[in-house]
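The structure appears below as structure tokens.
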Amino acid sequence: MRKKIIAGNWKMHKTPAEAVQLVNELKVKVVNIHHVDMIVCPPYLAIPAVQASLKETAIRVGAQNVFWEDQGAYTGEISAPMLVNAGCSYVIIGHSERRQYFHETDETINRKIKKALEFQLKPIFCIGETLEQREAGQTFPVLKTQLDGGLAGIDAAAIQNIVIAYEPVWAIGTGRNATPEQAQEAHQFIRSTLAEKFGRPIADGLRIQYGGSVKPENAEALLSQPDVDGALVGGASLKADSFADIIQAAENLSKQ
Ligand code: PEP
């Protein structure tokens, strides 16, 4: 059985002091969680303080982006070895906000994924269709193109260190989540595409998170779908109570 994985994407929220306050509240709420991988992804500046606060806990730290070179004249960028040095073990790559506002492409996302893997950072690789694409019946072709481009040159060994996040763009930050059936349909398609690429046994072991307006009220229904292996959570990860409730929903399903 795939271990569920819940990650919080804090986006551009929280100073280091606010971030530490949040994880200090969170860590006491999740001490009894044993069947779920838990990750928080703060803004870069808060990563060292959050990492220090979470040292003796099961919660891992991730970043929200990474550049594809190790070092050099790339003003404003952060490298994979820098993130590892700061204590990160995961990195979100290809989030739709980065695709939309910072013009990331499948090709640059692919470079970032490869660089992250080179430094043993686990990518949380985000894909998802826009509302127009869904309404035009293009959801599956869009997902296939994003998977083909983002995973170009990734082999069967490397893919096992990648988490896929299916995040329909129309559901992110809108309060309008995909229905459990819509999520399952997309996840099943993603898994079968991965099976074509890497073989069924490997695809069956890969974890696919759903992201898009996940909250305590809808977490159980989404997470109980057979191909939904976790959640990438934005807004609801900014409060310890709601994030811990989502983690608890995953834990309860995992213990059944
Ligand atoms: C996200 O940022 O990846 C996300 C899914 O946000 P939200 O949960 O706020 O929709």
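The values are calculated or read from the model by the stated rules, or taken from the named source; none is laboratory data. If you're wondering where the values come from, they're calculated on a predicted model, not measured in any experiment. Quick reminder, even Gly has a Cβ in these numbers, built from the backbone with ideal geometry, and neighbours come from all protein chains shown. With ligands, DNA and RNA removed, areas are computed over all heavy atoms of the protein, side chains included. Shrake-Rupley method; radii C 1.70, N 1.55, O 1.52, S 1.80 Å.
Within the range 146-162, is there a residue that is at pLDDT 95 or above, of a type in the set (Val, Ile, Thr) and either within 16 Å of the ligand (Cβ to nearest atom) or open to solvent by 50 Å² or more (accessible area, probe 1.4 Å) (or both)? Looking through the range 146-162, none of the residues is at pLDDT 95 or above, of a type in the set (Val, Ile, Thr) and either within 16 Å of the ligand (Cβ to nearest atom) or open to solvent by 50 Å² or more (accessible area, probe 1.4 Å) (or both). Checking each residue in the range 210-228 for being open to solvent by less than 10 Å² (accessible area, probe 1.4 Å), touching a residue at least 40 places away in the same chain (Cβ under 8 Å) and either under 21 Å from Lys27 (Cβ atoms) or outside any strand (DSSP E or B) (or both) picks out Gly212, Leu222, Leu223, Val228. The condition (being closer than 22 Å to Lys27 by Cα and within 12 Å of the ligand (Cβ to nearest atom)) is satisfied by just one residue among Ala244, Ala250, Ala236: Ala236.
For the range 90-111, filtered to residues that are within 18 Å of Ile159 (Cα to Cα) and in contact with a helix residue (DSSP H, G or I) (Cβ under 6 Å, 6 or more places away or on another chain), the residue that is farthest from the ligand (Cβ to nearest atom) is Asn110. Residues considered: Ala178, Ala231. Of these, the only one that is near the ligand (Cβ under 10 Å from one of its atoms), among the aliphatic types (A, V, I, L, M), outside any helix (DSSP H, G or I) and open to solvent by less than 10 Å² (accessible area, probe 1.4 Å) is Ala231.
Residue under question is Cys88, and the condition is that it be in a loop (DSSP other than H, G, I, E, B) and either at pLDDT below 95 or open to solvent by less than 20 Å² (accessible area, probe 1.4 Å) (or both); does it hold? Yes: the conditions hold for Cys88. A single entry from Phe67, Phe102 fulfils the requirement of being over 14 Å from the mean Cα position of the chain (by Cα), surrounded by fewer than 19 Cβ atoms within 10 Å (Cβ to Cβ) and within 21 Å of Cys41 (Cα to Cα): Phe102.
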